[in-house]
Amino acid sequence: MRSRFRIGAATLAATAAILCAAAAAQRRPADGEVRPISAPGDYRFSFDHGGLTRFYLVHVPKSYHGQRVPLLLALHGGGGNADYQANDSKYRLIAKSEQAGFIAVFPNGYSRLGGKLATWNAGACCAGAVRNQSDDVGFIRTVIRRVEIQANVDPRRVFATGMSNGAMMSWRLACEAPEIRAIAPVEGTDNTTHCSPARPVPVIQFHALDDDMVPFNGGVGPRSFTQLNFTSVPATIAKWVRLNRADPAGRRVLTVPGAHCDLHPALRGGAPVELCVTDTGKHSWPGGGTQQLRTRPSQAISANDLMWNFFSSL
């Protein structure tokens, strides 16, 4: 009798272990081992997705000691890469991570050149990612799941920003990735071909009136590397005011020399939509470093400060 009990208990324990392992495998990304992040610093990770080796960079601020923290995805522009977006002389997102205490994640777009000249499949734009129908939504959602395993991320504070084609990708994430709780696109409009967000997604958008790559009023940018007819900023804002059930009657909430911000507050059950416009700066990151050799970005406002204030207010 005692022998049978011991055999039965062992069998039950083994079965339970198998079931627990199976459940853990379902929660874990399919590519296998995900190395944990236990200390502040800069990390590079890669995994196979869609037949390519894809990678992402992670910056963990010095204030992180295992406590639950927000996560900010920062998506590079078309033809760029994760290393460029993580360069603090260009975007100053590492410095903002240190100041605000969030984990910054820099995914790399679709590329067959070892990660260089990468683009995002943001709907109508851009380049190789669209031609090859790259599953960039699936890739980024896997990156989020991996980082949530690697570090103590607050799933209620997973945000996305991006530059140009990366900004366009953030709009697509708002449409299709329910993990994303708010977005802050910079110099990129919504060029998705369809959009059905699971819930209203708060938005703060940044755009220069003189943008010569993604024109404020839409159309083909004179300096664009693609001949796409981009959606305008006003059409993008009108679309998201409707999707987010925000107040169509926006109000001016910030006016400084060279820039202003207009807020469409959330109506009942909705989410806010805010637009910050710089008079100059062309196709650049407001308040950043030298993003283009011939163009200094507008210093009238700081996209990093305004976006994080917006995210923190949600």
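Computed from the coordinates by the stated procedures, all read-outs in this text should not be read as laboratory data. As the structure is a prediction and not an experimental result, all values here were calculated from the model. All Cβ positions, even for glycine, are placed from backbone atoms using ideal geometry, and neighbour counts span all protein chains on display.
What is region 191-252 by shape, rounded, prolate or oblate, if you read a ≥ b ≥ c off the alpha carbon gyration tensor as root eigenvalues and call it rounded for a/c under 1.5, prolate for a/b larger than b/c, and oblate otherwise? Provide the component values of the computation, followed by the final result.
On the way: a/c = 2.82, a/b = 1.61, b/c = 1.75.
Note, shape of region 191-252 comes out oblate.
Nearest 10 degrees is fine. How inclined is helix 303-312 to the longest principal axis of the chain, computing both from alpha carbons?
The angle comes out at about 50 degrees.
Under a straight-distance cross-link criterion of Cα-Cα below 19 Å, which lysines are reachable from Lys96, leaving out those fewer than 8 residues away in the same chain?
In chain and number order, the partners are Lys62.
From the square roots a ≥ b ≥ c of the eigenvalues of the alpha-carbon gyration tensor of region 111-198, which class results: rounded (a/c under 1.5), prolate (a/b over b/c), or oblate? Please report the intermediate quantities before stating the final value.
Values: a/c = 1.81, a/b = 1.30, b/c = 1.40.
The shape class here is oblate.
On a full-extension model of 0.36 nm per residue, what is the gain between Gln133 and Gln99, subtracting their alpha-carbon distance, rounded to one decimal in nm?
Working: separation 34, 0.36 × 34 = 12.24 nm, distance 3.73 nm.
Going from the current span to full extension adds 8.5 nm.
Treating the Cα atoms of region 58-185 as identical point scatterers in vacuum, please give the log10 of the normalised Debye intensity I(q)/I(0) at q = 0.19 Å⁻¹, two decimals.
Log10 I(q)/I(0), no solvent term: -1.00.
7 Å from Cα along Cα→Cβ at both His65 and Asp210: what's the point-to-point distance in nm?
That separation, rounded to one decimal, is 4.8 nm.
Is the shape of region 157-200 best called rounded, prolate or oblate, per the rule: a/c under 1.5 gives rounded, else a/b larger than b/c gives prolate, else oblate, with a ≥ b ≥ c the square roots of the Cα gyration tensor eigenvalues? Provide the component values of the computation, followed by the final result.
Values: a/c = 2.54, a/b = 1.21, b/c = 2.10.
Cα axes put region 157-200 in the oblate bin.
How many nm separate the modelled label positions at Gln227 and Leu314, each set 7 Å beyond the Cα in the direction of the Cβ?
Result for the modelled spin labels: 3.8 nm.
What does the helix-only formula give at 222 nm for the chain: each DSSP H stretch with n ≥ 4 adding -39500 (n - 2.57), the total divided by the residues, and the result rounded to the nearest 500 deg cm²/dmol? Provide the component values of the computation, followed by the final result.
Values: 8 runs with 91 residues, N = 314.
Calculated mean residue ellipticity at 222 nm is -9000 deg cm²/dmol.
Determine the relative contact order of region 37-312: mean sequence separation of Cα pairs under 8 Å and six or more apart, normalised by residue count, in whole percent. Display every interim value, and only then the final one.
Values: 691 pairs, mean separation 39.1, N = 276.
Relative CO of region 37-312 lands at 14 percent.
Quick one: go through region 215-258 and flag any residue whose amide nitrogen is under 20 Å from the point 7 Å out along the Cα-to-Cβ line of Leu52.
225-228
Using a 7 Å offset from the Cα along the Cα-to-Cβ direction at both Leu254 and Arg35, what is the distance between the two label points in nm, to one decimal?
3.8 nm
Percent of Cα-Cα pairs more than 31 Å apart in the chain, please.
Values: 14837 of 49141 pairs.
Roughly 30 percent, once rounded to a whole number.
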